[in-house]
Amino acid sequence: MSHTAPSSRTAPLRARAEIDLAALRANVRTLRARAPHAELMAVVKSDAYGHGMLPCARAARAAGATWLGTATPHEALTLRDAGVEGRILCWLWTPGGPWREGIEADLDMAVSGLWALEEVTAAARAVGRPARIQLKADTGLGRNGCQPADWPELVAAARAAEDDGLVDVTGLWSHFACADEPGHPSIAAQLAVFRDMLDHAEKAGIEPEVRHMANSPATLTIPEAHFDLVRTGIAMYGISPSPELGTPADFGLRPVMTLAASVALVKHVPEGHGVSYGHHYVTADETTLGLIPVGYADGIPRHASGTGPVLVAGEWRRVAGRVAMDQFVVDLGGQTVPEGTEAVLFGPGDRGEPSAEDWAQAAGTIAYEIVTRIGSRVPRVYVNEGQDPDDFHE
């Protein structure tokens, strides 16, 4: 599932996404300290938000994450096939499973409705061992999860399946709609609904190992939502889940991914020269153009045409004209740099480079999308893979 890449800073020269595993481990420890009475789930769905699922899962485990979380069963089974042990919750199931494989792989599997409970219990009968399931409540997000009106029926059916030895209900959980907007009225409303649904399930005889609702923003800003387990996704990768409330540094986090490419060509062009498709950019003066050999096929957002920032030779430059499939151009303003000069699209900012949030602003999106969309043509290069002295230390 994760991208194969050398374990050094020497990557193919066209482009690379450098993944700092020491930063990831430090972020996990920071997040654990924010929720000291709860366990921490490291969410590694979507190839760890583009960072590489297997290396990031192992690094998070090393830093004290007791659970891993994935969206699809394929992601969870890939972790197991790679030898990753411990608890893994997988929540995005569709009819047909693979429930049996999930049971055999010792996954914890989310159940949001009776159809899923019926399928997982049938699989448990076929396998001859109980399935570990977690009942998900829709407390107001309106996506996956069981509506409050349907909750008593689902809980009763799950209790009956427990009595039959077909399932163990290991968790009860939900998800926020607006945790990145502290004070939003939906937060208190969802917490109240969740507590009512927990109370009903527990009075019906459900004894969960973990109750959980907090995503990254709730982990950082809503301590009353921590319960027994927090699920940290984007914050673990050093990106602020709520830029309006603070930068990564404000939360004690460090961006994990640095995206860089080699300048492929530098050339002098006259005033009035069109640049890239549609000539949406025309040079105002005689200048130099630098060709950056990544494009929307690599995950560079076309919506950042004309606005995306890049650090070249110590100066911020903007995408000149449209982002194409494999390349884009920056106007170097007459500066001449050698071909092969590093162009840094985003990173932690140590060298004055833009951040993923800067690209999100340029493209009118969120930083989650910027890092997650970086494609498989860009090799991931893992640095600082060794365990830190304070891993596992409280």
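Charge tally around P148: other residues with Cβ under 9 Å, Lys/Arg +1 each, Asp/Glu -1 each, net -3. Residues S46, S262, ordered by accessible area of protein heavy atoms at a 1.4 angstrom probe radius and largest first, appear as S46, S262.
Using the heavy atoms of the protein chains and a 1.4 angstrom probe, tell me the accessible area per residue for segment 71-147 in square angstrom.
Details: 3150 Å² over 77 residues.
For segment 71-147, the per-residue accessible area is 41 Å².
Note that segment 218-331 presents 40 Å² accessible area per residue, ligands and nucleic acids not counted, probe 1.4 Å. Estimated from helical segments only, the mean residue ellipticity of the chain at 222 nm is -8000 deg cm²/dmol, where each DSSP H run of four or more residues counts as -39500 (n - 2.57). Helix 21-34 and the longest principal axis of the C-alpha atoms of the chain enclose an angle of approximately 50°.
Excluding E85 itself, calculate the net charge of residues whose Cβ lies under 10 Å from the Cβ of E85, where each Lys or Arg counts +1 and each Asp or Glu counts -1. Write down the numbers at each step before the final one.
Working: positive: R61, R80, R87; negative: D106.
Value of the local net charge: +2.
Placing unit charges on each Cβ (+1 for Lys and Arg, -1 for Asp and Glu) gives the chain a dipole about its Cα centre, and among S240, T70, T258 the Cα reaching farthest toward its positive end belongs to T258. The order of the peptides 183-193, 24-34 by mean Cβ neighbours within 10 Å, most packed first, is 24-34, 183-193. When the Debye formula is applied to the Cα atoms of segment 103-203, each taken as the same point scatterer, what base-10 log of I(q)/I(0) results at q = 0.13, 0.16 Å⁻¹? Those come out to -0.47, -0.66, one per q.
Computed from the Cβ-Cβ distance with R0 of 51 Å, the FRET efficiency linking R100 to D250 stands at 0.65. For the chain, the longest principal axis of the Cα atoms and the long axis of helix 53-62 meet at an angle of about 60 degrees.
Using +1 on the beta carbon of Lys and Arg, -1 on that of Asp and Glu, and nothing else charged, what's the dipole of the chain about the Cα centre, debye to 20?
Values: 33 positive and 50 negative charges, 138 e Å.
Charge dipole, the chain, about its Cα centre: 660 debye, nearest 20.
Can you give the net charge of the other residues whose Cβ lies under 11 Å from the Cβ of L114, counting K and R as +1 and D and E as -1? With Lys, Arg at +1 and Asp, Glu at -1, the net is -4. Per-atom-type breakdown for the chain gives carbon and sulfur 51% of the accessible area (1.4 Å probe, protein chains only). Can you tell me, using C-alpha contacts under 8 Å and at least 6 residues apart, the relative contact order of the chain as a whole percent? The value is 20 percent.
The values are calculated or read from the model by the stated rules, or taken from the named source; none is laboratory data. All figures in this text were calculated on a predicted structure; none of them were measured in a lab. Positions of Cβ are generated from backbone atoms using ideal geometry, with glycine treated the same way; all protein chains shown enter the neighbour counts. Keep in mind that these areas ignore ligands, DNA and RNA; they rest on the heavy atoms of the full protein, side chains included. Shrake-Rupley method; radii C 1.70, N 1.55, O 1.52, S 1.80 Å.
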